[in-house]
Every structure is written in structure tokens, then in C-alpha cells.
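Contents: one structure, followed by commentary.
Every read-out reported here was derived from the displayed coordinates using simple, explicitly stated rules and does not represent laboratory data. These figures come from a predicted structure and were not determined experimentally. Methodologically, a virtual Cβ is constructed for each residue, glycine included, from the backbone with ideal geometry; neighbour enumeration extends over all protein chains shown.
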Amino acid sequence: MYIEEGTGEYETCNGCRGKKEVCEYYEESNEYNILLPEEISGGFRYVYEECPPDEDPITFIPQVIGKRNVEYKTRFVDCYNCEGTVEKS
Ligand SMILES: [Zn+2]
């Protein structure tokens, strides 16, 4: 029987490089709009289609219908991945 064990060794987290926090980009006009990496590098946000009234909003998958320019800001948030280090597997 194989039992998975941690190695007890730790390495620096790739998400935050050991800083325990990551820089997050968000839209100036709406702090809940987190930008995707390609949106940050492109300086735009994708615009998605609205859910039609006869569709279930839970299962509806909106398509990208355009782009718009965006003003964004940055903030530091706790790394979602680690405590600064991650155990080697
Ligand atoms: Zn991390």
C-alpha cells in the first residue's frame, strides 16, 4: 500500500515568491472586478454578453462580445496559495 507523505522540505511559493502576498489588479470603478493577466498587459477588459431573461443565470456561459479600455489600480492581498512556503511533494 502506498501512503503519500510530505517530504518535510519546503520551497518558495511560485505564486508570491515567498512574500505571502500577491499584487492584485482591479478596476478603479469597481474593486470587485479583478483583471485577468491578458487584460492587464493589454490595458482592456473583456465585455461579456448579458444573460438573456429566458436563460438560467447559473448555467449560462457568457461569450466575450468585445473589449473596452479600463483604468485599473493595484493592491496587495494575502497569497491564496501559501504561508510563504509550500511543502515539496
Ligand atoms: Zn504564495
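List of remarks:
- Taking the helices alone, the chain has a mean residue ellipticity at 222 nm of -1500 deg cm²/dmol, built from -39,500 (n - 2.57) per DSSP H run of at least 4 residues and averaged over all its residues.
- Cα gyration tensor shape for the chain, rounded if a/c is under 1.5, else prolate or oblate: oblate
- Remark: the Cα gyration tensor places region 25-73 in the prolate category, a/c being 1.5 or greater and a/b exceeding b/c.
- Considering only Cys16, Cys51, Pro62, the residue lying farthest towards the positive end of the dipole of the chain is Cys16, judged by Cα position with unit charges set on Cβ.
- Dipole magnitude of the chain about its Cα centre (Cβ charges: Lys, Arg +1; Asp, Glu -1), debye to nearest 20: 480
- For region 42-51, Karplus couplings with θ = phi - 60° (6.51, -1.76, 1.60), whole Hz, Gly/Pro x: x, x, 9, 10, 5, 10, 9, 5, 7, 6
- Within the chain, the cysteines lacking any other cysteine Cβ closer than 4.7 Å to their own Cβ are Cys23, Cys51.
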